[in-house]
Amino acid sequence: MKIRLLTLLLLSISFTSIAQTNCDSPTMVAFGASEKALADTAPILDFPGVFTFRLEPNTSCPAAVAYEAVEGMAYYMKGGKLVDERSFKGSSFVAVPWRDNAKPGDRVTIQVTHFYGTNAKGQKKAFTKPVIKIITFR
(Lines give C-alpha, C1' and ligand atoms only; values in the text may rest on other atoms or scores of the structure.)
Protein backbone atom coordinates (compact mmCIF):
# COMPACT_ATOMS: atom_id res chain seq x y z
CA MET A 1 0.00 0.00 0.00
CA LYS A 2 2.82 2.42 0.87
CA ILE A 3 4.56 1.66 -2.43
CA ARG A 4 1.36 2.39 -4.36
CA LEU A 5 0.88 5.70 -2.57
CA LEU A 6 4.50 6.66 -3.17
CA THR A 7 4.19 5.76 -6.86
CA LEU A 8 1.01 7.84 -7.20
CA LEU A 9 2.69 10.76 -5.45
CA LEU A 10 5.71 10.62 -7.76
CA LEU A 11 3.52 10.39 -10.86
CA SER A 12 1.39 13.34 -9.77
CA ILE A 13 4.51 15.44 -9.14
CA SER A 14 5.96 14.66 -12.57
CA PHE A 15 2.70 15.32 -14.42
CA THR A 16 2.06 18.58 -12.59
CA SER A 17 5.48 19.96 -13.46
CA ILE A 18 3.84 21.53 -16.52
CA ALA A 19 1.00 23.07 -14.49
CA GLN A 20 3.13 24.33 -11.59
CA THR A 21 4.65 27.06 -13.74
CA ASN A 22 1.46 28.04 -15.60
CA CYS A 23 2.68 25.89 -18.45
CA ASP A 24 -0.82 24.53 -18.97
CA SER A 25 -1.72 27.83 -20.67
CA PRO A 26 0.28 28.08 -23.88
CA THR A 27 -0.03 30.93 -26.34
CA MET A 28 -0.87 30.49 -30.00
CA VAL A 29 1.17 31.90 -32.86
CA ALA A 30 -0.63 31.93 -36.23
CA PHE A 31 1.06 32.48 -39.56
CA GLY A 32 -0.19 34.43 -42.56
CA ALA A 33 0.34 34.26 -46.31
CA SER A 34 3.80 35.80 -45.93
CA GLU A 35 4.68 33.00 -43.46
CA LYS A 36 5.32 35.61 -40.77
CA ALA A 37 3.58 35.49 -37.41
CA LEU A 38 0.23 37.30 -37.44
CA ALA A 39 -0.38 39.95 -34.79
CA ASP A 40 -3.86 40.48 -33.33
CA THR A 41 -4.44 42.87 -36.24
CA ALA A 42 -2.92 42.02 -39.60
CA PRO A 43 -2.92 43.39 -43.15
CA ILE A 44 -5.61 41.88 -45.38
CA LEU A 45 -2.87 40.81 -47.80
CA ASP A 46 -1.59 38.41 -45.12
CA PHE A 47 -4.90 36.50 -45.10
CA PRO A 48 -3.67 32.98 -45.92
CA GLY A 49 -5.31 30.24 -47.93
CA VAL A 50 -4.17 27.81 -45.24
CA PHE A 51 -3.85 29.00 -41.65
CA THR A 52 -1.01 27.32 -39.81
CA PHE A 53 -0.22 27.84 -36.16
CA ARG A 54 1.74 26.47 -33.24
CA LEU A 55 1.30 26.45 -29.49
CA GLU A 56 4.18 27.91 -27.52
CA PRO A 57 4.93 27.81 -23.80
CA ASN A 58 4.79 31.09 -21.92
CA THR A 59 8.06 32.62 -20.79
CA SER A 60 7.93 31.09 -17.29
CA CYS A 61 8.03 27.52 -18.68
CA PRO A 62 11.19 25.44 -18.96
CA ALA A 63 12.62 25.35 -22.49
CA ALA A 64 11.91 21.62 -22.81
CA VAL A 65 8.12 22.03 -22.50
CA ALA A 66 6.38 21.46 -25.85
CA TYR A 67 2.80 21.37 -27.13
CA GLU A 68 0.99 19.58 -29.93
CA ALA A 69 -2.44 20.72 -31.15
CA VAL A 70 -4.89 17.85 -31.63
CA GLU A 71 -8.14 19.47 -32.76
CA GLY A 72 -10.23 22.61 -32.64
CA MET A 73 -12.55 25.00 -34.44
CA ALA A 74 -12.05 28.07 -36.59
CA TYR A 75 -14.63 30.83 -37.05
CA TYR A 76 -14.88 33.50 -39.75
CA MET A 77 -16.78 36.69 -38.93
CA LYS A 78 -17.78 39.63 -41.12
CA GLY A 79 -19.32 42.72 -39.56
CA GLY A 80 -19.63 40.98 -36.19
CA LYS A 81 -21.67 38.09 -37.65
CA LEU A 82 -20.56 34.50 -37.93
CA VAL A 83 -20.22 33.61 -41.62
CA ASP A 84 -18.58 30.19 -41.48
CA GLU A 85 -16.97 27.75 -39.10
CA ARG A 86 -14.91 24.65 -39.58
CA SER A 87 -13.37 21.99 -37.42
CA PHE A 88 -9.76 20.95 -37.85
CA LYS A 89 -7.28 18.38 -36.67
CA GLY A 90 -3.63 19.21 -36.11
CA SER A 91 -2.14 22.66 -36.54
CA SER A 92 -3.57 23.94 -39.82
CA PHE A 93 -6.80 24.36 -41.74
CA VAL A 94 -7.81 25.45 -45.24
CA ALA A 95 -9.32 28.93 -45.50
CA VAL A 96 -9.28 29.56 -49.27
CA PRO A 97 -13.03 30.40 -49.46
CA TRP A 98 -12.55 32.88 -46.61
CA ARG A 99 -9.50 34.48 -48.20
CA ASP A 100 -11.26 34.93 -51.55
CA ASN A 101 -14.01 37.03 -49.90
CA ALA A 102 -11.96 38.75 -47.19
CA LYS A 103 -12.30 42.45 -46.53
CA PRO A 104 -10.70 44.75 -43.95
CA GLY A 105 -12.46 44.34 -40.61
CA ASP A 106 -13.04 40.60 -41.03
CA ARG A 107 -12.07 38.48 -38.07
CA VAL A 108 -10.80 34.90 -37.74
CA THR A 109 -10.89 33.10 -34.42
CA ILE A 110 -8.81 29.95 -34.02
CA GLN A 111 -9.69 27.83 -31.00
CA VAL A 112 -7.64 24.76 -30.15
CA THR A 113 -9.85 22.63 -27.90
CA HIS A 114 -7.56 19.63 -27.31
CA PHE A 115 -3.79 19.56 -27.11
CA TYR A 116 -0.94 17.64 -25.53
CA GLY A 117 1.81 19.08 -23.39
CA THR A 118 5.13 17.34 -22.94
CA ASN A 119 7.19 18.21 -19.86
CA ALA A 120 10.98 18.31 -19.53
CA LYS A 121 11.04 14.58 -18.74
CA GLY A 122 9.23 13.70 -21.97
CA GLN A 123 5.94 12.82 -20.26
CA LYS A 124 2.74 13.72 -22.15
CA LYS A 125 -0.39 15.19 -20.62
CA ALA A 126 -3.69 15.85 -22.42
CA PHE A 127 -5.39 19.23 -22.05
CA THR A 128 -8.95 20.16 -22.99
CA LYS A 129 -9.05 23.82 -22.04
CA PRO A 130 -9.20 26.09 -25.08
CA VAL A 131 -6.34 28.15 -26.46
CA ILE A 132 -7.70 31.01 -28.57
CA LYS A 133 -6.19 33.41 -31.11
CA ILE A 134 -8.30 36.19 -32.65
CA ILE A 135 -6.99 38.00 -35.72
CA THR A 136 -8.68 41.07 -37.16
CA PHE A 137 -7.63 41.94 -40.69
CA ARG A 138 -7.18 45.57 -41.69
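The values are calculated or read from the model by the stated rules, or taken from the named source; none is laboratory data. Since the model is a prediction, treat every value here as computed from it, not as a measurement. As a convention, Cβ positions derive from the backbone with ideal geometry for all residues, glycine included, and neighbour counts pool all protein chains shown. Ligands, DNA and RNA are excluded from the accessible area calculation, which covers all protein heavy atoms including side chains. Shrake-Rupley method; radii C 1.70, N 1.55, O 1.52, S 1.80 Å.
Set the bar at 20 Å for Cα to Cα. Now go through Lys89/Lys121; Lys89/Lys124; Lys89/Lys125; Lys81/Lys133; Lys81/Lys129 and name every pair that lies beyond it.
Lys89/Lys121; Lys81/Lys129
In the neighborhood of Ile134, defined by Cβ-to-Cβ distances under 11 Å, what is the net charge if each Lys or Arg adds +1 and each Asp or Glu adds -1?
That sum, taken over residues with Cβ under 11 Å, equals +1.
For the range 32-126, what is the accessible area per residue in Å², given a 1.4 Å probe and the full set of protein chains?
Per-residue value: 55 Å².
By the scheme Lys and Arg +1, Asp and Glu -1, what is the net charge of all other residues having a beta-carbon under 14 Å from that of Ala42?
+2
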